[in-house]
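To start, the structure itself, in structure tokens.
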Amino acid sequence: MHILLTNDDGVNAPGLLAMKKALMPLGKVTVVAPSRNYSAAGHRKTMHKPLRIDETQLADGSAAWVCSGAPSDCVGLALLGFIKEKVDVVVSGINPNANLGQDVTYSGTVTAAIEAAIAGVLGIAVSTENIRAPEEYEPVARVAASIVEKIYQHGLPANTLINLNVPKDHKGIYIARQGVRVYLDELVERRDPRNKPYYWIGGEPPSGVDDEGSDFWAMKQGYVSVTPLQLDMTAYNLIDSLDEWLK
């Protein structure tokens with residue numbers, strides 16, 4: 001297979017290199033990754049300024065492409081024709097923090113896989129947690145690569161993708177539904193030297209509702225959380241009610 005690999009932490013992130021090494025036995029791996037960290041950039045599409053892609057090297061000396069745009073730009077440019085060879089799978093990661101619950105709407109890692117699904121290409125986002133050293137990505141990458149291979153063999157329906165969260169030590173695979181993230185954001189106001197206000201979005205790290213069957217629960221129990229996502233965000237249970245209210 002031909003795998004397009006990207007991430008949202010930048011082309012020099014250790015998780016990207018670990019994922020590349022683990023995927024190489026499966027086929028050809030082409031890396032197109034952002035030039036800087038785009039964490040929480042969401043599904044960004046750059047349309048009002050030019051994008052640049054340059055040749056670079058990863059830490060092991062292997063060739064890669066570095067893009068001035070966001071993760072979704074990296075995928076979009078590659079699939080629109082920058083990469084001439086047909087791409088079979090897009091893998092995004094490894095993100096050093098788990099992407100659970102509503103994180104999927106913020107995450108550059110996940111939205112890169114969403115961009116793949118929009119283009120009709122199999123997309124898989126890979127995240128982990130509590131990584132402190134580059135070598136700790138290696139077992140996570142091996143597990144992720146084995147799942148990538150199996151999903152490629154079976155395929156996915158159109159307009160779907162996989163959100164994969166892999167703990168460093170796991171006791172198996174769990175197919176989980178998207179859970180509920182609890183954000184604890186706070187607005188922090190400060191003053192610059194000219195006494196003009198500026199703002200940070202701060203607060204405590206988010207938590208989540210770890211009800212059984214959710215991605216939060218799976219990760220807390222030590223499972224590899226595999227969540228199938230779909231592009232159709234329609235709340236079907238509201239259609240009849242809205243029809244009654246508004247007509």
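Highest GNM mean-square fluctuation among Pro197, Pro167, Pro134, for the chain modelled with Cα contacts below 10 Å: Pro197.
Along the axis of the charge dipole computed for the chain (Cβ charges of +1 for Lys and Arg, -1 for Asp and Glu, origin at the Cα centre), the listed residues Gly69, Gln178, Leu100 are led at the positive end by Gly69. Seen through its C-alpha gyration tensor, with square-root eigenvalues sorted a ≥ b ≥ c, region 161-247 comes out oblate because a/c lies at 1.5 or above while a/b is not bigger than b/c.
Listed by chain and number, the lysines whose C-alpha is less than 23 Å from the C-alpha of Lys45, apart from same-chain residues fewer than 8 away, are Lys84, Lys86. In a simple Cβ point-charge model (Lys, Arg +1; Asp, Glu -1; nothing else charged), region 91-208 has a dipole of about 120 debye relative to its Cα centre.
Note on the chain: dipole from Cβ charges, positive end direction compared against Thr111, Pro50, Pro167; the farthest Cα belongs to Pro50. Result for the chain in a Gaussian network model with C-alpha springs under 10 Å: among Thr227, Thr46, Thr160, the largest mean-square fluctuation is at Thr46.
GNM on the chain, alpha-carbon springs under 10 angstrom: the most fluctuating residue among Lys20, Lys84, Lys28 is Lys84.
Anything over 19 Å Cα to Cα? Flag those among Lys20/Lys171; Lys20/Lys168; Lys20/Lys150; Lys21/Lys171, in the order listed. Result: Lys20/Lys171; Lys21/Lys171 exceed 19 Å. Which of the three applies to the chain, rounded, prolate or oblate, going by the alpha-carbon gyration tensor with a ≥ b ≥ c and a/c under 1.5 meaning rounded? Verdict is rounded for the chain.
For the chain, a crude dipole built from +1 on the beta carbon of Lys and Arg and -1 on the beta carbon of Asp and Glu, taken about the Cα centre, is about 700 debye to the nearest 20. The antiparallel fraction among DSSP beta bridges confined to region 101-247 stands at about 65%. When shorter helices are ignored and each DSSP H run of at least 4 residues is given -39500 (n - 2.57), the per-residue value for the chain at 222 nm works out to -7500 deg cm²/dmol.
The GluC sites (Glu not before Pro) of region 81-160 that meet both conditions, a loop assignment by DSSP and at most 16 other Cβ atoms within 10 Å of the site Cβ, are Glu85, Glu129.
Each part reduced to its alpha carbon centroid, region 108-176 and region 12-29 end up 13 Å apart. The GluC sites (Glu not before Pro) found in region 169-236 that occupy coil by DSSP, while having at most 15 further C-beta atoms within 10 Å, are Glu212.
Values quoted throughout were computed directly from the atomic coordinates according to the rules given, and no laboratory measurement underlies them. Note that the structure is a prediction, hence the values are computed from the model and not measured. Quick reminder, even Gly has a Cβ in these numbers, built from the backbone with ideal geometry, and neighbours come from all protein chains shown.
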